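Structure first, commentary second.
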Amino acid sequence: MRDYLQEARERADTFAPHRRSAPAAGANSSTVDGMLVGTTATYGGIGERLRTASERQVQHFDGWNHAAIRPIAQRIAGQPIRVARLRARGKKEPEQRGIHKSYLPDNLKEFSNDLEPVRDHKFLSIMNKPNDIMVRWVLVYVTICSLELTGRAYWLMKDEKGGNGQIWPLPTPWVTPKHNGRPFSGWTVNPYNSGKEYDYKAESIRQFFYPDPSDPLGCISPTQKQARAIAADQAIQTCQERSFRNGIFPGIMLTVGRQNEIPGVTTRPKLTADQRRDIIYAVKRMYQGVLRYDEPLILDALIEKVEKLSHVPREMDYLNSGKQTKARIVQGYGLTPFIMGELEGANRATAVVAESHFVANVLNPKIDLISQNLTSFVLPLFDKDPTLVAYIEPCRANDPEMEIKERDQLIKSGSLMRDELRQHYDLPPLPGGAGKTIILMPGQAIVPSDTSDYNGKLPSNNPVQGGTKPANGQQPKPGD
């Protein structure tokens, strides 16, 4: 019996090329169309269109597009990669505290109390040095850039002798999926200028992608959705480059005086090339330079008048148009100018808000996507243990004032030890275990965890509970 899902996919294939190939109007229609085509991987296979679209999208990694993608990729690449084991609920030992939610991606926060960190694992070693020429930072950076440009990223998983695996990030235009009987049944890799094709099994290449709501096998990239703004920005820059390359920009205009060669008739002489050069040289020699700034210029029969030339208003339009296209591109990636290094008009309040937005709405959702892929599709290649999870530690907004307030609150509540505070400032522990004591504020005492000896009542001399001060005038010591 014919598979209805397969029939639906084949019908979608006949519709997808028409849906995606409508050209954009204007002079940049070919460039825009190349980015708007998308990187669909439909069931029937349109590998050449996928490859061509990805090539064009990768070529637009410049200008404001590069300025927007760079901080996203750099920030995520700097985050550590962790492995943890999910314990069965109720099996936790008394001294095991789990992992704090702030260090977990969203999909693992509900299991924070049941996760146990795994410090040493083969997967972590491979991620720290994925192949012979890359480190972890490079692997993650290239992956994020590929996702933002093409909506898809590929990792080639290679098994080396001795059980040492390698991970190679592949450029999206190199890879074409195969759908023989089922989606993504294999891969064909065609490196640039090699003239060769290599076939790989489905499990040899792992993919990350941003989903396309209109195509379950396709993907959408931010570059694809900002195609018109990116093409407009490149057109503006091209016009500026051509105007400066082909334009003529004299600063002033000298008008030669008229002469009476015929009685009663004044005519302006026609100068030779040497005469023009002599006049320009003489004016520059007399008035050029900072020391001669604002010197008076004497006009006589040789020079009739001097006029200052300015840029035409059309040149000023580039500035306004450039700001509009920049805003469209930057907002398409969820960024603000402050995140890209623009400090004009910024203050501490706006910086904190921009940082919080960047972390919560841009970085951590992408980290969550990659973490789920690592757990589901990459980690099982190195360890079949179903209780293991792999994830990228989420980013946290940098707010120094809030950190100081949180630290003060921990100290006031008697929840911070001396060594923990020293560790925050990269200081060594105190010798002899002296740093294992809790920091106490003046007049503060530790409340015992077991109050059964007090019959439900705390000592009356406990200043934390509002009691009286000890008769000897001294503050209680920890443990009293």
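With a cap of 11 neighbouring Cβ atoms within 10 Å, and only residues DSSP puts in a loop, list the GluC sites (Glu not before Pro) found in region 120-203.
Those that pass, being in a loop and sparsely packed, are GLU160, GLU197.
What is the distance, in nm, between label points placed 7 Å from the Cα along the Cα-to-Cβ direction at LYS129 and at LEU427?
3.6
What span do the alpha-carbon atoms of region 250-310 cover on each of the three principal axes, reported in whole Å from largest to smallest?
The principal-axis extents, from largest down, are 43, 23, 22 Å.
On a full-extension model of 0.36 nm per residue, what is the gain between ASN107 and THR437, subtracting their alpha-carbon distance, rounded to one decimal in nm?
Going from the current span to full extension adds 115.3 nm.
Quick check for you: which residues of region 214-234 have the amide N under 11 Å from the point 7 Å beyond the Cα of PHE184 toward its beta carbon?
Within reach of a label on PHE184, which here means backbone N under 11 Å from a point 7 Å along Cα→Cβ, region 214-234 contributes 217-219.
Given R₀ = 56 Å, what would the calculated FRET efficiency be for MET253 paired with SER214, taking r from the Cβ atoms and rounding to 0.05?
Efficiency for this residue pair is about 0.40.
Provide the per-residue ³J(HN,Hα) series for region 361-377, in order, calculated from phi with Karplus coefficients 6.51, -1.76, 1.60 and θ = phi - 60°, each as a whole number of Hz, with x at glycine and proline positions.
For region 361-377, the Karplus curve yields 9, 10, 6, 5, x, 5, 4, 5, 4, 5, 4, 5, 5, 4, 5, 7, 10 Hz.
What FRET efficiency comes out for LYS412 versus HIS357 if R0 is 35 angstrom and r is the Cβ-Cβ distance? Round to the nearest 0.05. Don't skip to the end; give the middle numbers.
On the way: r = 30 Å, r/R0 = 0.86.
That pair, LYS412 with HIS357, gives E of 0.70.
Read-outs throughout are calculated quantities, based only on the coordinates presented, and are distinct from any laboratory measurement. The structure presented is a predicted model; accordingly, all values stated were derived computationally and were not measured. Positions of Cβ are backbone-derived with ideal geometry, glycine not excepted, and every protein chain shown enters the neighbour counts.
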